[in-house]
Amino acid sequence: MKILVTGGLGFIGSHTVVELQNEGFEVVVIDNLSNSSEDVLKGIEAITGKKPLFEKLDLREKSVVQDFFKRHSDVNGVIHFAASKAVGESVGNPLLYYENNINSLVYLLQELEKKESANFIFSSSCTVYGQAETMPINEDSAIQPAMSPYGNTKQIGEEIITDVAKVSGINAVLLRYFNPIGAHPSVEIGELPIGVPQNLVPFITQTGIGLRKELMVYGNDYPTPDGTCIRDYIHVVDLAKAHVIALQRLLNKKNEEKVETFNLGTGVGSSVLEVINAFEKVSGKKLAYQIVDRREGDVTLAYANTDKANKVLGWKTQLSLEQAMESAWKWEQKIRS
Ligand code: WQD
């Protein structure tokens, strides 16, 4: 069973390749290395004993995508991670985001549409819910107008897939991630942010290691118990496992739904200060931070109702915030040593 993982050397992609290989799937990875490194292949091999097939290709080139599927006509499942994901950058350069995230998706679907049947898993985001009115957020919660071109590419991506699935042999699963963090417990793979991290956890670990002077906590005047924003931080290994289960569900399809959507989170919200506390506990270090103004575009609260993923997929997170912080910290120490 050959599965294509696009963006398979990225943060979530690489952890998913590990879980797929552990379950016996044959994986072919496409990655253009724009936000990843070929060294990740070594980490995957160290964990699983197997190097996946790898092709350094750019999905923004239609002829490249066409050629790939000619050479790999036996691919019958695609997990599509390849995308740009920096919210701020997307505001400054929207066309880059529409080109990277939408063109590549369209070219992939154009090839899959030619097949009698195909299975497609899409990396979506809880960002589609914006500031949801009620917590926890379930899959039927309203989709809000996107707050950034990045967020818009996720919404548009979901719509494109839904439209195409209706008129083709493609069945799809849309996975809406909450906040993925952590690293593989082997510390062979983890997150490799380029430049100054925009996300909380890599910024914390880089501050802990001395690469950054202090963390800026964006606002403590939110209507939450400690005044800082609340998110649902999910261990990347738990998240990766959900992809394998979603793929198995598609491969053994027993229902009529062409597209199914699942929230992937822990169901538990943690504040910024709670994440800092968890870091301090597992690292034994005091974290330097100061409270600054709110960051534009941040929602106050977002955590998942995981009932659907728990019941329908039979998937549940197994790892705690502390385990995630511990692995993120070990990973940071390893890559700086
Ligand atoms: C988490 C919390 C910040 C950095 C974003 C995207 C989303 C998804 C994941 C990805 C917030 C606070 C952060 C810092 C801070 N997309 N924070 N100081 O904003 O929930 O989600 O990343 O691919 O679409 O929007 O995650 O990690 O940036 O922030 O105080 O230096 O940490 O205000 O409350 P967010 P985040």
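Tabulated data for the structure shown
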| read-out | value |
| --- | --- |
| Lys, Arg +1 and Asp, Glu -1 on Cβ, resulting dipole of the chain about Cα centre, debye, nearest 20 | 560 |
| Lys/Arg +1, Asp/Glu -1 at C-beta; region 170-237 dipole; positive extreme among Gly227, Ile204, Pro193 | Pro193 |
| Largest to smallest principal axis extent of the C-alpha atoms in region 265-322, angstrom | 42, 31, 10 |
| Contact order normalised by residue count of the chain, Cα under 8 Å, 6+ apart, percent | 19 |
| Placed amide H near Ile79: partners under 5 Å, 5+ positions off or other chain | Leu4, Val5, Thr6, Ile121 |
| Simple label model, 7 Å out from Cα along Cβ direction - Glu55 to Glu296, nm | 4.1 |
| Listed residues Val78, Val272, Val312, most fluctuating in the chain (Gaussian network, C-alpha, under 10 Å) | Val312 |
| Accessible area expressed per residue, the chain, with surrounding protein chains retained (probe 1.4 Å, Å²) | 44 |
| Helix 11-22 vs. the chain, principal-axis angle (Cα, 0 to 90°, nearest 10) | 60 |
| Relative packing of 85-92, 24-31, which averages over residues the other C-beta atoms within 10 Å, highest first | 24-31, 85-92 |
| Among Tyr150, Tyr303, Tyr218, residue whose mean-square fluctuation peaks in a GNM of the chain (springs only between Cα atoms under 10 Å) | Tyr218 |
| Net lengthening on full extension, Lys253/Glu99 (0.36 nm per residue, minus Cα-Cα) | 52.2 nm |
| P(r), alpha carbons of region 56-110 - 10 Å bins starting at zero, rounded % | 23, 50, 21, 6 |
| Charge dipole magnitude, Cβ of K and R +1, D and E -1 - region 127-201, Cα centre, debye nearest 20 | 80 |
| On Cα atoms only, tilt of 200-209 relative to the major axis of the chain in degrees | 60 |
| Under Karplus coefficients 6.51, -1.76 and 1.60, residue-wise ³J(HN,Hα) of region 221-234 in Hz, glycine/proline x | 10, 7, x, 10, x, 9, x, 9, 5, 10, 9, 10, 8, 10 |
| Accessible surface of region 219-318 [probe 1.4 Å, protein heavy atoms]: carbon and sulfur percent | 46 |
| Partners for Lys213 among lysines (Cα-Cα distance below 23 Å; same-chain residues under 8 apart left out) | Lys281, Lys285, Lys286, Lys330, Lys334 |
| Gaussian network model of the chain, Cα within-10 Å springs - most flexible of Ile44, Ile291, Ile161 | Ile291 |
| Under-5 Å amide H pairs with Glu260, H placed in peptide plane, nonlocal only | Ala172, Val173, Leu174 |
| From phi via Karplus (6.51, -1.76, 1.60), per-residue ³J(HN,Hα) for region 254-265 in Hz, x at Gly/Pro | 10, 10, 8, 5, 6, 9, 10, 10, 9, 7, 10, x |
| Potential lengthening between Glu23 and Met1 on full extension [0.36 nm per residue; Cα-Cα distance subtracted] | 6.8 nm |
| Between 0 and 90°, nearest 10: helix 104-113 axis offset from the chain longest Cα axis | 30 |
| Cβ-Cβ FRET estimate between Asn310 and Glu214, R0 fixed at 30 Å, reported to 0.05 | 0.20 |
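The values are calculated or read from the model by the stated rules, or taken from the named source; none is laboratory data. Computed from a prediction, not measured in an experiment: that's the story for all the values here. Positions of Cβ are backbone-derived with ideal geometry, glycine not excepted, and every protein chain shown enters the neighbour counts. The accessibility values were calculated without ligands, DNA or RNA, using every heavy atom of the protein model including side chains. Shrake-Rupley method; radii C 1.70, N 1.55, O 1.52, S 1.80 Å.
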